[in-house]
1. Go through region 385-402 and count every residue that is open to solvent by 40 Å² or more (accessible area, probe 1.4 Å) and more than 16 Å from Arg171 (Cα to Cα).
2. Of all residues in region 427-436, count the ones that are over 26 Å from Met62 (Cβ atoms) and either at pLDDT 90 or above or open to solvent by 40 Å² or more (accessible area, probe 1.4 Å) (or both).
3. Restricting attention to region 424-447, which residues are assigned to a helix (DSSP H, G or I), touching a residue at least 40 places away in the same chain (Cβ under 8 Å) and either under 17 Å from Asn344 (Cα atoms) or touching a strand residue (DSSP E or B) at 6+ places or on another chain (Cβ under 9 Å) (or both)?
4. Only residues in region 210-233 that are closer than 15 Å to Leu122 by Cβ count as the first member; pair them with residues that are among the hydroxyl-bearing types (Ser, Thr, Tyr), Cβ under 6 angstrom, at least 6 apart or cross-chain, and list the lot.
5. Among the residues in region 449-459, are any touching a Pro at 6+ places or on another chain (Cβ under 9 Å), at pLDDT below 85 and either open to solvent by less than 10 Å² (accessible area, probe 1.4 Å) or not hydroxyl-bearing (Ser, Thr, Tyr) (or both)?
6. Answer yes if at least one residue in region 463-479 is among the small types (Gly, Ala, Ser), open to solvent by less than 50 Å² (accessible area, probe 1.4 Å) and modelled with pLDDT of 85 or more, and no otherwise.
7. Restricting the search to region 131-144, which residues are closer than 18 Å to Lys202 by Cα, surrounded by fewer than 21 Cβ atoms within 10 Å (Cβ to Cβ) and aliphatic (A, V, I, L, M)?
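The values are calculated or read from the model by the stated rules, or taken from the named source; none is laboratory data. As the structure is a prediction and not an experimental result, all values here were calculated from the model. Glycine also receives a Cβ, built like all others from the backbone with ideal geometry; neighbour counts cover every protein chain displayed. In case anyone asks, the SASA skips ligands and DNA or RNA and just uses the protein heavy atoms, side chains included. Shrake-Rupley method; radii C 1.70, N 1.55, O 1.52, S 1.80 Å.
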Amino acid sequence: MPPNCDKHIAMSIDKISTIEVKCEKFKEKKIIAYEDALKSIGFGRVQIELLLASFLILLNVMNETMGISFIIPVAQCDMNLSQSDKGLLSGIIFVAMIIPSYGWGIMAGLMGRRTIIFWSVLGSSIFTCLGAFVSDFKLFLLCRFFSGLFVAGYSGVIYTYIGEFCIMKHRAILISWASVSVGLSLIIMPFTASVILSYNWKLDLIDFVDFAPWRILLVIFTLPGIIGILWLFRLPESPKFLLLHNRKEEALEIVKWIHIKNLGESKKFDIDDLQSEESDDDIEFKKYTGIKKILLSMKEQTLPLLKPPYLLYFVICCCLQYGIFCIAGGLALFLPDILNKIANTYEVNPMDSFKICDIFNSDSSINLNVTKFADRSCDETINPSVFIDSMFLGLAFTIAYIATSLFMKPKRRKYIIGITLFTSCLSGALLNFSESQYFMIVLICSFVMLSGINSAIISGVACDIFPTKQISTVICIMMIFSRVGTATSSSFIGYLLDHDCELAYHALPVITLFCFILSLMLPT
(Lines give C-alpha, C1' and ligand atoms only; values in the text may rest on other atoms or scores of the structure.)
Protein backbone atom coordinates (compact mmCIF):
# COMPACT_ATOMS: atom_id res chain seq x y z
CA MET A 1 0.00 0.00 0.00
CA PRO A 2 1.48 3.40 -1.00
CA PRO A 3 2.49 5.78 1.77
CA ASN A 4 -0.22 8.14 3.14
CA CYS A 5 -2.89 5.96 1.45
CA ASP A 6 -4.87 5.68 4.70
CA LYS A 7 -4.80 9.47 5.03
CA HIS A 8 -6.16 9.95 1.48
CA ILE A 9 -8.87 7.36 2.04
CA ALA A 10 -9.92 9.12 5.26
CA MET A 11 -10.07 12.51 3.48
CA SER A 12 -12.17 11.01 0.67
CA ILE A 13 -14.59 9.51 3.19
CA ASP A 14 -14.89 12.94 4.91
CA LYS A 15 -15.66 14.62 1.57
CA ILE A 16 -18.31 12.00 0.76
CA SER A 17 -19.83 12.52 4.21
CA THR A 18 -19.88 16.31 3.72
CA ILE A 19 -21.57 15.93 0.32
CA GLU A 20 -24.13 13.55 1.83
CA VAL A 21 -24.87 16.05 4.64
CA LYS A 22 -25.29 18.89 2.12
CA CYS A 23 -27.58 16.72 -0.05
CA GLU A 24 -29.61 15.80 3.02
CA LYS A 25 -29.97 19.47 3.97
CA PHE A 26 -31.03 20.29 0.41
CA LYS A 27 -33.65 17.54 0.49
CA GLU A 28 -35.00 18.87 3.77
CA LYS A 29 -35.30 22.48 2.54
CA LYS A 30 -38.97 23.38 2.84
CA ILE A 31 -40.31 25.34 -0.16
CA ILE A 32 -44.07 25.84 -0.18
CA ALA A 33 -46.73 28.00 -1.83
CA TYR A 34 -47.81 31.20 -0.09
CA GLU A 35 -51.38 29.95 0.39
CA ASP A 36 -50.06 26.79 2.10
CA ALA A 37 -47.78 28.91 4.30
CA LEU A 38 -50.77 30.96 5.48
CA LYS A 39 -52.74 27.76 6.04
CA SER A 40 -49.99 26.33 8.27
CA ILE A 41 -49.83 29.57 10.30
CA GLY A 42 -53.60 29.98 10.64
CA PHE A 43 -55.87 32.93 11.38
CA GLY A 44 -54.72 35.22 14.17
CA ARG A 45 -53.54 38.60 15.39
CA VAL A 46 -52.28 39.88 12.02
CA GLN A 47 -55.60 39.29 10.29
CA ILE A 48 -57.44 41.01 13.16
CA GLU A 49 -55.13 44.05 12.92
CA LEU A 50 -55.72 44.13 9.17
CA LEU A 51 -59.45 43.97 9.80
CA LEU A 52 -59.34 46.96 12.18
CA ALA A 53 -57.15 49.06 9.87
CA SER A 54 -59.29 48.30 6.81
CA PHE A 55 -62.40 48.92 8.91
CA LEU A 56 -61.24 52.51 9.54
CA ILE A 57 -60.29 53.07 5.91
CA LEU A 58 -63.66 51.80 4.63
CA LEU A 59 -65.34 54.02 7.22
CA ASN A 60 -63.45 56.91 5.63
CA VAL A 61 -64.79 55.94 2.18
CA MET A 62 -68.35 56.30 3.46
CA ASN A 63 -67.58 59.58 5.24
CA GLU A 64 -66.08 61.06 2.09
CA THR A 65 -68.84 59.92 -0.28
CA MET A 66 -72.01 60.11 1.84
CA GLY A 67 -71.05 62.58 4.59
CA ILE A 68 -71.62 65.53 2.25
CA SER A 69 -75.40 64.91 2.49
CA PHE A 70 -75.25 66.19 6.08
CA ILE A 71 -72.99 69.13 5.13
CA ILE A 72 -74.99 70.58 2.23
CA PRO A 73 -78.15 71.67 4.16
CA VAL A 74 -76.12 73.67 6.69
CA ALA A 75 -73.54 75.01 4.21
CA GLN A 76 -76.10 76.37 1.76
CA CYS A 77 -76.33 79.79 3.43
CA ASP A 78 -72.56 80.25 3.78
CA MET A 79 -72.01 79.45 0.10
CA ASN A 80 -75.33 80.65 -1.35
CA LEU A 81 -76.05 77.23 -2.83
CA SER A 82 -78.82 76.77 -5.38
CA GLN A 83 -80.55 73.42 -5.93
CA SER A 84 -78.29 72.70 -8.92
CA ASP A 85 -75.23 73.56 -6.79
CA LYS A 86 -76.39 71.03 -4.19
CA GLY A 87 -76.80 68.41 -6.89
CA LEU A 88 -73.28 69.09 -8.17
CA LEU A 89 -71.80 68.78 -4.67
CA SER A 90 -73.62 65.48 -4.08
CA GLY A 91 -72.49 63.88 -7.33
CA ILE A 92 -69.08 65.41 -8.07
CA ILE A 93 -67.15 62.96 -5.89
CA PHE A 94 -68.68 59.96 -7.72
CA VAL A 95 -67.83 61.48 -11.12
CA ALA A 96 -64.26 62.12 -9.90
CA MET A 97 -63.95 58.54 -8.61
CA ILE A 98 -64.77 57.12 -12.04
CA ILE A 99 -61.89 58.87 -13.85
CA PRO A 100 -58.77 57.39 -12.17
CA SER A 101 -60.09 54.02 -10.93
CA TYR A 102 -58.49 51.99 -13.71
CA GLY A 103 -55.20 53.84 -13.25
CA TRP A 104 -55.20 53.22 -9.50
CA GLY A 105 -55.65 49.50 -10.18
CA ILE A 106 -52.68 49.47 -12.54
CA MET A 107 -50.53 51.42 -10.05
CA ALA A 108 -51.48 49.01 -7.25
CA GLY A 109 -50.16 46.21 -9.46
CA LEU A 110 -46.90 48.11 -10.06
CA MET A 111 -46.18 49.91 -6.77
CA GLY A 112 -47.95 47.77 -4.20
CA ARG A 113 -51.32 47.70 -2.41
CA ARG A 114 -50.16 49.29 0.86
CA THR A 115 -48.35 52.14 -0.91
CA ILE A 116 -51.40 53.10 -2.98
CA ILE A 117 -53.73 52.93 0.03
CA PHE A 118 -51.44 55.15 2.11
CA TRP A 119 -50.96 57.92 -0.46
CA SER A 120 -54.56 57.94 -1.71
CA VAL A 121 -56.03 58.21 1.82
CA LEU A 122 -53.57 61.00 2.61
CA GLY A 123 -54.46 62.83 -0.63
CA SER A 124 -58.23 62.64 -0.07
CA SER A 125 -57.87 63.81 3.55
CA ILE A 126 -55.74 66.81 2.55
CA PHE A 127 -58.24 68.04 -0.06
CA THR A 128 -61.23 67.46 2.25
CA CYS A 129 -59.54 69.50 5.01
CA LEU A 130 -58.67 72.22 2.48
CA GLY A 131 -62.36 72.38 1.58
CA ALA A 132 -63.16 73.20 5.21
CA PHE A 133 -61.28 76.49 4.79
CA VAL A 134 -62.85 77.52 1.47
CA SER A 135 -65.76 79.95 1.16
CA ASP A 136 -66.15 80.07 -2.62
CA PHE A 137 -68.46 77.40 -4.07
CA LYS A 138 -66.29 76.71 -7.14
CA LEU A 139 -63.17 76.19 -5.02
CA PHE A 140 -65.12 73.95 -2.63
CA LEU A 141 -66.41 71.93 -5.60
CA LEU A 142 -62.83 71.63 -6.89
CA CYS A 143 -61.66 70.33 -3.48
CA ARG A 144 -64.44 67.74 -3.51
CA PHE A 145 -63.43 66.71 -7.04
CA PHE A 146 -59.76 66.20 -6.14
CA SER A 147 -60.77 64.36 -2.97
CA GLY A 148 -62.82 61.98 -5.13
CA LEU A 149 -59.83 61.31 -7.39
CA PHE A 150 -57.94 60.00 -4.35
CA VAL A 151 -60.88 58.16 -2.73
CA ALA A 152 -60.99 56.03 -5.89
CA GLY A 153 -57.51 54.74 -4.99
CA TYR A 154 -58.20 53.10 -1.66
CA SER A 155 -61.91 52.28 -1.92
CA GLY A 156 -61.14 49.34 -4.25
CA VAL A 157 -57.53 48.39 -3.45
CA ILE A 158 -58.29 47.90 0.27
CA TYR A 159 -60.31 44.75 -0.56
CA THR A 160 -57.34 43.33 -2.50
CA TYR A 161 -54.99 44.13 0.38
CA ILE A 162 -57.15 42.38 2.99
CA GLY A 163 -57.79 39.36 0.78
CA GLU A 164 -54.12 38.67 0.10
CA PHE A 165 -53.35 38.07 3.78
CA CYS A 166 -55.96 35.29 4.07
CA ILE A 167 -56.51 31.81 2.72
CA MET A 168 -59.56 31.32 0.52
CA LYS A 169 -61.58 29.91 3.43
CA HIS A 170 -61.22 33.13 5.45
CA ARG A 171 -61.04 35.70 2.64
CA ALA A 172 -64.73 36.33 2.08
CA ILE A 173 -65.43 36.26 5.82
CA LEU A 174 -62.78 38.89 6.61
CA ILE A 175 -63.96 41.16 3.78
CA SER A 176 -67.55 40.83 5.05
CA TRP A 177 -66.50 41.75 8.60
CA ALA A 178 -64.53 44.75 7.28
CA SER A 179 -67.67 45.86 5.45
CA VAL A 180 -69.58 46.08 8.73
CA SER A 181 -67.96 49.54 8.77
CA VAL A 182 -70.43 50.60 6.05
CA GLY A 183 -73.34 49.97 8.41
CA LEU A 184 -71.61 51.52 11.40
CA SER A 185 -70.69 54.60 9.37
CA LEU A 186 -74.41 55.16 8.75
CA ILE A 187 -74.84 55.26 12.52
CA ILE A 188 -71.68 57.22 13.37
CA MET A 189 -72.10 59.84 10.60
CA PRO A 190 -75.61 61.06 11.51
CA PHE A 191 -74.84 60.83 15.24
CA THR A 192 -71.67 62.92 14.86
CA ALA A 193 -73.49 65.35 12.58
CA SER A 194 -76.40 65.72 15.03
CA VAL A 195 -73.97 66.58 17.85
CA ILE A 196 -71.71 68.97 15.91
CA LEU A 197 -74.50 70.68 13.95
CA SER A 198 -76.60 71.24 17.07
CA TYR A 199 -74.35 74.24 17.76
CA ASN A 200 -75.05 77.49 15.95
CA TRP A 201 -71.98 79.73 16.01
CA LYS A 202 -69.55 81.34 13.59
CA LEU A 203 -65.97 82.45 14.19
CA ASP A 204 -64.15 84.92 12.00
CA LEU A 205 -60.80 83.12 12.21
CA ILE A 206 -59.75 83.98 8.67
CA ASP A 207 -60.69 87.17 6.82
CA PHE A 208 -62.45 85.39 3.96
CA VAL A 209 -63.96 82.42 5.90
CA ASP A 210 -66.53 82.33 8.71
CA PHE A 211 -65.63 79.13 10.55
CA ALA A 212 -68.88 77.27 11.37
CA PRO A 213 -69.64 73.83 12.91
CA TRP A 214 -70.14 72.20 9.49
CA ARG A 215 -66.50 72.95 8.65
CA ILE A 216 -65.36 71.14 11.80
CA LEU A 217 -67.63 68.22 10.85
CA LEU A 218 -65.91 68.03 7.45
CA VAL A 219 -62.50 67.71 9.15
CA ILE A 220 -63.82 65.17 11.69
CA PHE A 221 -65.05 62.99 8.80
CA THR A 222 -61.39 62.51 7.71
CA LEU A 223 -60.20 61.18 11.10
CA PRO A 224 -60.90 57.45 10.48
CA GLY A 225 -58.73 57.57 7.36
CA ILE A 226 -55.88 59.38 9.14
CA ILE A 227 -55.92 56.84 11.99
CA GLY A 228 -56.16 54.01 9.42
CA ILE A 229 -53.01 55.03 7.50
CA LEU A 230 -51.11 55.57 10.76
CA TRP A 231 -52.05 51.97 11.58
CA LEU A 232 -50.67 50.92 8.18
CA PHE A 233 -47.18 51.77 9.45
CA ARG A 234 -47.52 48.67 11.65
CA LEU A 235 -48.51 46.49 8.73
CA PRO A 236 -46.40 45.22 5.79
CA GLU A 237 -46.93 45.11 2.04
CA SER A 238 -48.89 42.15 0.66
CA PRO A 239 -46.54 39.11 0.39
CA LYS A 240 -48.55 37.99 -2.64
CA PHE A 241 -47.67 41.21 -4.42
CA LEU A 242 -43.98 40.77 -3.50
CA LEU A 243 -43.96 37.19 -4.79
CA LEU A 244 -45.55 38.35 -8.02
CA HIS A 245 -42.52 40.63 -8.48
CA ASN A 246 -40.11 37.84 -7.41
CA ARG A 247 -39.15 39.59 -4.16
CA LYS A 248 -39.13 36.26 -2.35
CA GLU A 249 -36.80 37.24 0.49
CA GLU A 250 -39.06 40.16 1.51
CA ALA A 251 -42.16 38.00 1.20
CA LEU A 252 -40.58 35.28 3.35
CA GLU A 253 -39.67 37.84 6.04
CA ILE A 254 -43.28 39.04 6.15
CA VAL A 255 -44.58 35.45 6.36
CA LYS A 256 -42.15 34.91 9.25
CA TRP A 257 -43.49 38.10 10.89
CA ILE A 258 -47.07 36.81 10.48
CA HIS A 259 -45.98 33.50 12.04
CA ILE A 260 -44.44 35.23 15.09
CA LYS A 261 -47.44 37.56 15.54
CA ASN A 262 -50.02 34.77 15.24
CA LEU A 263 -48.24 31.85 16.96
CA GLY A 264 -45.51 33.49 19.08
CA GLU A 265 -41.73 33.15 18.98
CA SER A 266 -41.76 29.79 20.79
CA LYS A 267 -43.29 28.07 17.75
CA LYS A 268 -40.53 27.12 15.28
CA PHE A 269 -40.69 28.71 11.82
CA ASP A 270 -39.68 25.92 9.43
CA ILE A 271 -40.37 27.46 6.00
CA ASP A 272 -37.13 27.98 4.06
CA ASP A 273 -38.51 29.51 0.88
CA LEU A 274 -41.73 30.42 -0.91
CA GLN A 275 -42.67 29.38 -4.41
CA SER A 276 -42.39 32.29 -6.80
CA GLU A 277 -45.56 33.47 -8.54
CA GLU A 278 -43.49 35.21 -11.20
CA SER A 279 -44.12 33.97 -14.75
CA ASP A 280 -41.98 34.19 -17.90
CA ASP A 281 -43.96 37.29 -18.87
CA ASP A 282 -43.01 38.94 -15.56
CA ILE A 283 -39.32 38.26 -16.22
CA GLU A 284 -39.66 39.79 -19.70
CA PHE A 285 -41.59 42.72 -18.17
CA LYS A 286 -38.59 43.72 -16.01
CA LYS A 287 -36.61 44.71 -19.11
CA TYR A 288 -38.83 47.74 -19.67
CA THR A 289 -39.01 51.10 -17.87
CA GLY A 290 -41.09 54.29 -17.93
CA ILE A 291 -44.19 54.63 -20.12
CA LYS A 292 -43.52 51.36 -21.97
CA LYS A 293 -43.52 49.51 -18.65
CA ILE A 294 -46.82 51.10 -17.61
CA LEU A 295 -48.46 50.33 -20.97
CA LEU A 296 -47.21 46.73 -20.87
CA SER A 297 -48.52 46.42 -17.31
CA MET A 298 -51.94 47.70 -18.44
CA LYS A 299 -51.97 45.09 -21.19
CA GLU A 300 -50.92 42.22 -18.88
CA GLN A 301 -53.38 43.19 -16.14
CA THR A 302 -56.35 43.76 -18.45
CA LEU A 303 -56.12 41.57 -21.57
CA PRO A 304 -56.57 38.20 -19.76
CA LEU A 305 -59.86 39.50 -18.32
CA LEU A 306 -61.26 39.84 -21.84
CA LYS A 307 -60.65 36.16 -22.68
CA PRO A 308 -62.00 32.83 -21.36
CA PRO A 309 -62.12 31.57 -18.66
CA TYR A 310 -62.32 34.98 -16.94
CA LEU A 311 -64.42 37.03 -19.39
CA LEU A 312 -67.85 35.75 -18.33
CA TYR A 313 -67.22 36.22 -14.59
CA PHE A 314 -65.59 39.61 -15.18
CA VAL A 315 -68.72 40.84 -17.02
CA ILE A 316 -71.04 39.37 -14.35
CA CYS A 317 -69.12 41.00 -11.46
CA CYS A 318 -69.08 44.41 -13.19
CA CYS A 319 -72.80 44.24 -14.06
CA LEU A 320 -73.67 43.19 -10.51
CA GLN A 321 -71.74 46.12 -9.03
CA TYR A 322 -73.45 48.49 -11.46
CA GLY A 323 -76.95 47.23 -10.62
CA ILE A 324 -76.35 47.07 -6.87
CA PHE A 325 -75.11 50.67 -6.75
CA CYS A 326 -78.06 51.89 -8.81
CA ILE A 327 -80.05 51.03 -5.66
CA ALA A 328 -77.54 51.25 -2.80
CA GLY A 329 -75.83 54.36 -4.21
CA GLY A 330 -78.27 56.28 -6.38
CA LEU A 331 -81.42 55.72 -4.34
CA ALA A 332 -79.52 56.03 -1.04
CA LEU A 333 -78.51 59.61 -1.93
CA PHE A 334 -82.20 60.54 -1.98
CA LEU A 335 -83.12 58.47 1.07
CA PRO A 336 -82.93 61.28 3.71
CA ASP A 337 -85.13 63.48 1.49
CA ILE A 338 -87.59 60.62 0.80
CA LEU A 339 -87.87 59.75 4.50
CA ASN A 340 -88.30 63.42 5.33
CA LYS A 341 -91.15 63.79 2.80
CA ILE A 342 -92.87 60.67 4.17
CA ALA A 343 -92.63 61.96 7.76
CA ASN A 344 -93.82 65.47 6.83
CA THR A 345 -96.77 64.20 4.78
CA TYR A 346 -98.09 61.89 7.52
CA GLU A 347 -97.46 64.59 10.15
CA VAL A 348 -99.79 66.97 8.29
CA ASN A 349 -102.29 64.24 7.31
CA PRO A 350 -102.08 61.60 10.09
CA MET A 351 -105.44 59.98 9.29
CA ASP A 352 -104.93 59.62 5.54
CA SER A 353 -103.27 56.89 3.50
CA PHE A 354 -100.72 57.54 0.77
CA LYS A 355 -98.71 55.50 -1.65
CA ILE A 356 -95.08 56.45 -2.14
CA CYS A 357 -95.75 58.32 -5.38
CA ASP A 358 -98.84 60.07 -3.94
CA ILE A 359 -96.42 61.78 -1.56
CA PHE A 360 -94.22 63.04 -4.40
CA ASN A 361 -97.11 63.89 -6.73
CA SER A 362 -99.18 65.71 -4.10
CA ASP A 363 -98.50 69.22 -2.89
CA SER A 364 -98.89 68.38 0.79
CA SER A 365 -95.23 67.96 1.67
CA ILE A 366 -94.26 70.91 -0.52
CA ASN A 367 -96.85 73.19 1.09
CA LEU A 368 -95.70 72.09 4.54
CA ASN A 369 -92.12 73.11 3.79
CA VAL A 370 -93.18 76.42 2.21
CA THR A 371 -95.42 77.33 5.15
CA LYS A 372 -92.93 76.27 7.79
CA PHE A 373 -90.10 78.33 6.37
CA ALA A 374 -91.98 81.11 4.60
CA ASP A 375 -90.48 83.76 6.84
CA ARG A 376 -86.89 82.64 6.37
CA SER A 377 -84.73 83.64 3.41
CA CYS A 378 -82.25 80.82 3.97
CA ASP A 379 -82.83 77.81 6.18
CA GLU A 380 -79.77 75.86 7.34
CA THR A 381 -81.38 73.41 9.77
CA ILE A 382 -81.92 69.68 9.34
CA ASN A 383 -85.04 67.96 10.61
CA PRO A 384 -83.96 65.75 13.57
CA SER A 385 -85.97 62.85 12.11
CA VAL A 386 -83.42 62.64 9.25
CA PHE A 387 -80.64 61.82 11.75
CA ILE A 388 -82.80 59.29 13.59
CA ASP A 389 -83.98 57.51 10.41
CA SER A 390 -80.41 57.44 9.05
CA MET A 391 -79.16 55.87 12.30
CA PHE A 392 -81.88 53.20 12.18
CA LEU A 393 -80.90 52.42 8.59
CA GLY A 394 -77.26 52.19 9.70
CA LEU A 395 -78.26 49.82 12.50
CA ALA A 396 -80.12 47.63 10.00
CA PHE A 397 -77.07 47.64 7.69
CA THR A 398 -74.78 46.70 10.57
CA ILE A 399 -76.99 43.79 11.68
CA ALA A 400 -77.23 42.56 8.07
CA TYR A 401 -73.44 42.70 7.58
CA ILE A 402 -72.82 40.88 10.87
CA ALA A 403 -75.39 38.22 9.96
CA THR A 404 -73.84 37.61 6.54
CA SER A 405 -70.34 37.54 8.08
CA LEU A 406 -71.39 34.89 10.62
CA PHE A 407 -72.90 32.66 7.94
CA MET A 408 -70.30 33.42 5.28
CA LYS A 409 -68.48 30.46 3.77
CA PRO A 410 -67.15 30.18 0.20
CA LYS A 411 -69.85 27.69 -0.79
CA ARG A 412 -72.63 29.80 0.71
CA ARG A 413 -71.74 33.13 -0.91
CA LYS A 414 -73.67 32.55 -4.13
CA TYR A 415 -76.83 31.71 -2.18
CA ILE A 416 -76.46 34.67 0.19
CA ILE A 417 -76.14 37.02 -2.80
CA GLY A 418 -79.16 35.42 -4.51
CA ILE A 419 -81.43 35.45 -1.44
CA THR A 420 -80.63 39.05 -0.46
CA LEU A 421 -81.06 40.37 -4.03
CA PHE A 422 -84.38 38.55 -4.48
CA THR A 423 -85.66 39.87 -1.13
CA SER A 424 -84.48 43.36 -2.08
CA CYS A 425 -86.36 43.11 -5.38
CA LEU A 426 -89.51 41.98 -3.52
CA SER A 427 -89.22 44.93 -1.09
CA GLY A 428 -88.88 47.37 -3.98
CA ALA A 429 -91.88 45.88 -5.78
CA LEU A 430 -94.10 45.97 -2.64
CA LEU A 431 -93.10 49.59 -2.00
CA ASN A 432 -95.34 50.68 -4.89
CA PHE A 433 -98.44 49.24 -3.16
CA SER A 434 -97.81 50.09 0.51
CA GLU A 435 -100.02 52.75 2.14
CA SER A 436 -98.65 52.46 5.69
CA GLN A 437 -96.06 55.02 6.78
CA TYR A 438 -93.95 52.62 8.83
CA PHE A 439 -94.23 49.69 6.40
CA MET A 440 -93.20 52.08 3.63
CA ILE A 441 -90.08 53.10 5.59
CA VAL A 442 -89.21 49.45 6.33
CA LEU A 443 -89.60 48.49 2.66
CA ILE A 444 -87.49 51.32 1.23
CA CYS A 445 -84.74 50.76 3.82
CA SER A 446 -84.78 47.00 3.11
CA PHE A 447 -84.66 47.69 -0.61
CA VAL A 448 -81.47 49.77 -0.23
CA MET A 449 -79.86 47.69 2.51
CA LEU A 450 -80.32 44.18 1.06
CA SER A 451 -78.85 45.29 -2.26
CA GLY A 452 -75.99 47.25 -0.68
CA ILE A 453 -74.59 44.46 1.51
CA ASN A 454 -73.70 42.43 -1.61
CA SER A 455 -71.03 44.83 -2.86
CA ALA A 456 -68.36 43.56 -0.45
CA ILE A 457 -69.40 39.91 -0.96
CA ILE A 458 -68.95 40.24 -4.73
CA SER A 459 -65.52 41.82 -4.16
CA GLY A 460 -64.66 38.73 -2.09
CA VAL A 461 -65.84 36.46 -4.91
CA ALA A 462 -63.65 38.37 -7.36
CA CYS A 463 -60.61 37.94 -5.09
CA ASP A 464 -61.08 34.16 -5.38
CA ILE A 465 -61.86 33.98 -9.10
CA PHE A 466 -59.10 36.13 -10.61
CA PRO A 467 -55.29 35.72 -10.42
CA THR A 468 -53.08 37.89 -8.18
CA LYS A 469 -51.71 39.90 -11.11
CA GLN A 470 -55.17 40.97 -12.29
CA ILE A 471 -57.11 41.26 -9.04
CA SER A 472 -56.35 44.91 -8.16
CA THR A 473 -57.34 45.93 -11.70
CA VAL A 474 -60.53 43.84 -11.54
CA ILE A 475 -61.61 45.41 -8.24
CA CYS A 476 -60.92 48.94 -9.49
CA ILE A 477 -62.82 48.35 -12.76
CA MET A 478 -65.72 46.94 -10.72
CA MET A 479 -65.60 50.13 -8.65
CA ILE A 480 -65.85 52.16 -11.87
CA PHE A 481 -69.08 50.33 -12.72
CA SER A 482 -70.42 50.88 -9.20
CA ARG A 483 -69.75 54.65 -9.41
CA VAL A 484 -71.27 54.88 -12.88
CA GLY A 485 -74.29 53.06 -11.41
CA THR A 486 -74.54 55.61 -8.60
CA ALA A 487 -74.12 58.59 -10.94
CA THR A 488 -76.58 57.43 -13.61
CA SER A 489 -79.13 56.20 -11.09
CA SER A 490 -79.08 59.42 -9.04
CA SER A 491 -79.64 61.48 -12.22
CA PHE A 492 -82.36 59.08 -13.41
CA ILE A 493 -84.14 59.04 -10.03
CA GLY A 494 -83.86 62.80 -9.55
CA TYR A 495 -85.53 63.47 -12.90
CA LEU A 496 -88.23 60.80 -12.60
CA LEU A 497 -89.27 61.72 -9.05
CA ASP A 498 -90.33 65.09 -10.47
CA HIS A 499 -91.77 63.85 -13.77
CA ASP A 500 -92.78 60.17 -13.54
CA CYS A 501 -92.49 58.78 -10.00
CA GLU A 502 -94.21 55.46 -10.82
CA LEU A 503 -91.66 54.65 -13.53
CA ALA A 504 -88.77 55.25 -11.09
CA TYR A 505 -90.16 52.89 -8.45
CA HIS A 506 -91.03 50.22 -11.04
CA ALA A 507 -87.69 50.37 -12.88
CA LEU A 508 -85.48 49.97 -9.79
CA PRO A 509 -86.88 46.55 -8.72
CA VAL A 510 -86.41 45.35 -12.32
CA ILE A 511 -82.70 46.25 -12.09
CA THR A 512 -82.46 44.25 -8.85
CA LEU A 513 -84.25 41.29 -10.47
CA PHE A 514 -81.72 41.37 -13.32
CA CYS A 515 -78.90 41.30 -10.73
CA PHE A 516 -80.52 38.31 -9.02
CA ILE A 517 -80.57 36.39 -12.33
CA LEU A 518 -76.90 37.26 -12.95
CA SER A 519 -75.92 36.12 -9.44
CA LEU A 520 -77.14 32.59 -10.26
CA MET A 521 -74.32 32.35 -12.81
CA LEU A 522 -71.55 32.97 -10.24
CA PRO A 523 -69.38 29.98 -9.30
CA THR A 524 -69.86 28.37 -5.89
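1. Our first condition is that a residue be open to solvent by 40 Å² or more (accessible area, probe 1.4 Å); within region 385-402, this holds for 388, 391-392, 395, 399, 402.
Imposing the further condition that a residue be more than 16 Å from Arg171 (Cα to Cα) reduces the set to 388, 391-392, 395, 399.
Qualifying residue count for the region: 5.
2. If we filter region 427-436 for residues that are over 26 Å from Met62 (Cβ atoms), which is where we start, we get 429-430, 432-436.
Next, from what is left, pick out any that are either at pLDDT 90 or above or open to solvent by 40 Å² or more (accessible area, probe 1.4 Å) (or both): 429-430, 433, 435-436.
The total comes to 5.
3. Gln437, Met440, Ile441, Ile444
4. Note: pairs meeting the criteria are Thr222/Ser125; Thr222/Thr128; Gly225/Ser125; Ile226/Ser125.
5. Within region 449-459, the subset touching a Pro at 6+ places or on another chain (Cβ under 9 Å) is none.
Within region 449-459, none of the residues are touching a Pro at 6+ places or on another chain (Cβ under 9 Å), at pLDDT below 85 and either open to solvent by less than 10 Å² (accessible area, probe 1.4 Å) or not hydroxyl-bearing (Ser, Thr, Tyr) (or both).
6. So in region 463-479, the residues among the small types (Gly, Ala, Ser) come out as 472.
After this cut, where a residue has to be open to solvent by less than 50 Å² (accessible area, probe 1.4 Å) as well, the list is 472.
Next cut, modelled with pLDDT of 85 or more only: none.
No, there is no match, as no residue in region 463-479 is among the small types (Gly, Ala, Ser), open to solvent by less than 50 Å² (accessible area, probe 1.4 Å) and modelled with pLDDT of 85 or more.
7. Within region 131-144, Val134 is the sole residue that qualifies.
Okay, residues lined up against (1) at pLDDT 85 or above; (2) open to solvent by 50 Å² or more (accessible area, probe 1.4 Å); (3) polar (S, T, N, Q):
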residue: Met11; (1), (2), (3): no, yes, no
residue: Lys27; (1), (2), (3): no, yes, no
residue: Asn63; (1), (2), (3): yes, no, yes
residue: Pro73; (1), (2), (3): no, no, no
